[in-house]
1. Please go through the range A:151-163 and pick out each residue that is more than 22 Å from A:LYS223 (Cβ to Cβ), outside any helix (DSSP H, G or I) and among the aliphatic types (A, V, I, L, M).
2. Could you check the range A:144-201 and list, in sequence order, the residues that are closer than 13 Å to A:ALA131 by Cβ and hydroxyl-bearing (Ser, Thr, Tyr)?
3. If I filter the range B:151-163 for residues that are within 14 Å of another protein chain (Cβ to nearest Cβ), modelled with pLDDT of 95 or more and either in contact with a Leu (Cβ under 8 Å, 6 or more places away or on another chain) or over 20 Å from B:HIS190 (Cβ atoms) (or both), do I get at least one hit?
4. Do you know which of the residues in the range B:176-235 that are within 11 Å of chain A (Cβ to nearest Cβ) and polar (S, T, N, Q) is nearest to A:GLU242 (Cα to Cα)?
5. Of the residues A:TYR136, A:TYR119, which is surrounded by fewer than 24 Cβ atoms within 10 Å (Cβ to Cβ), hydroxyl-bearing (Ser, Thr, Tyr) and within 22 Å of A:ASP166 (Cα to Cα)?
6. Out of the range A:137-150, which residues are under 25 Å from B:GLY215 (Cβ atoms) and either more than 9 Å from every other protein chain (Cβ to nearest Cβ) or outside any helix (DSSP H, G or I) (or both)?
7. How many residues are free of Cβ contacts under 8 Å to residues at least 60 places away in the same chain, more than 22 Å from A:VAL77 (Cβ to Cβ) and of a type outside the set (Val, Ile, Thr) when one looks only at the range A:134-162?
8. Which numbered condition in (1) more than 14 Å from chain B (Cβ to nearest Cβ); (2) free of Cβ contacts under 8 Å to residues at least 40 places away in the same chain is the only one that A:ASP101 fails?
There are 2 protein chains.
Amino acid sequence: MTVRQLSLPELADACRELGVPGVGLWREPVQAYGVEAAAKLVRDAGLAVTTLCRGGFLTAIDPAERAAALADNRRAVDEAATLGTDTLVLVGGGLPAGSRDLYGARERIADALAELGPYAESHGVRLAIEALHPMYASDRCVVSTLTQALDLAERFPAHQVGVTVDTYHVWWDDRAPAQIARAGAGGRIHSFQLADWTTPLPEGVLDGRGQLGDGAIDLREWKAHVDAAGYTGPIEVELFNEGLWARDGREVLTETAHRFTEHVNRGT
Amino acid sequence: MTVRQLSLPELADACRELGVPGVGLWREPVQAYGVEAAAKLVRDAGLAVTTLCRGGFLTAIDPAERAAALADNRRAVDEAATLGTDTLVLVGGGLPAGSRDLYGARERIADALAELGPYAESHGVRLAIEALHPMYASDRCVVSTLTQALDLAERFPAHQVGVTVDTYHVWWDDRAPAQIARAGAGGRIHSFQLADWTTPLPEGVLDGRGQLGDGAIDLREWKAHVDAAGYTGPIEVELFNEGLWARDGREVLTETAHRFTEHVNRGT
């Protein structure tokens, strides 16, 4: 998503040239390209698929909507398995229209996980609940903290359900470091994503994620937290940013790789 | 601030007509009108000044900036005393330019409170630390939760430092109800403010606070929380909303009073 202006073949080429060993994919471009074809493309390029983004949106009350969401999530698991990634990232979903019940919405996510966890396991896929920043609590994700994400995940086996740690969503939370330790101890850090926090936020607050090093987040410190928690998996950079999307995609990917070295990896 | 399009005399008139017994004032219009003159105006209108908004912005590292901020906060205390309100709301301040140290910034707020608390007490004024939504953590307020606000306040006597509970800032936080109980038990709920959460958020995310009943927050539930915590003080409605500011101020005030009755008070 960081370089969504690149086609999948362009992305695979650019990653190979830069020595980027893996890539997190989103469902929409994969579906447009064809899931099998995308799987062959990245396999032939020697690229690991780190995660598939995203399933979720599991808060509907209406039975038909709910059944449709579950079916769509089973398809997402199938796609992840076809792509050869072991991790499907889940964004919980917001409040249904007219509802003000955050607690009930979170419980409906738990109910859905009870169905999706075993299905994912049978396909060799783990679910990774992503806590989204509290500014998305009403319209996108009622799971706003790592604490809440782990409270949900821990009702299920770790090889079925864990969490995504994304710096953009948790950086403000003084409880998050301890929750990362909790997640690591339980083998539940299934994904680690980076983005920086820059202001002013754009209208709708979706596409304002900052390039690494441009913002307020001490990225090296968060990497140290997941390192200390025993995480050895891939690190993804996930930037939704109109400014970056308007530029040449290879240039953005090159810049991002350099920023990663400078602001995340160096000195750790 | 909800009806900033009204002058102070218009506001006093409108409150009297509607039977609104008190008003929270902001420093800028009070200073423009004259602090003594504003104090006489509201006194003559029989209006209580519920709080003065706002002091704070206490995170500077630079000694000159820091001294200026402390001096400005002492002036804010003086103004509160002149207006006859016992409560000055404080917004902590964001990260200084180039800093990524949320913890250090919070400690500088604590250092400032150690100076400002006794000064406020000697003027019959209490300080009310307001936790702002985490989306303001970098540029406006490093105190993002009621837990953090209370951790700061409890280092000082309750008659010097307490907290502001604002539904807009805390509604997403499943820990907030317990923190309201904690604050109430310690006599530290110094202010209670209402706004609703509506989306999409506008650019800059400052002026998108929803009219009561328009959004995702169960306002009646939050009032029940502060009631249960023993709070019997005034309830303020604080909306920053371009749409409301563009309308006739008396009409907005009337609407707000009706919304308060319908969405907050009825049935409690």
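1. A:VAL161, the sole residue that qualifies.
2. The answer is A:SER144, A:THR145, A:THR147, A:THR164, A:THR167, A:TYR168, A:SER191.
3. Yes, that holds for at least one residue.
4. That would be B:THR199.
5. A:TYR136
6. Those that are under 25 Å from B:GLY215 (Cβ atoms) and either more than 9 Å from every other protein chain (Cβ to nearest Cβ) or outside any helix (DSSP H, G or I) (or both): A:ALA137, A:SER138, A:ASP139, A:ARG140, A:CYS141, A:VAL142, A:VAL143, A:SER144, A:THR145, A:ALA149.
7. Residues meeting the conditions: 8.
8. (1)
The values are calculated or read from the model by the stated rules, or taken from the named source; none is laboratory data. Computed from a predicted model, the values in this text were never measured in an experiment. We place every Cβ from the backbone using ideal geometry, glycine too, and count neighbours over all the protein chains shown.
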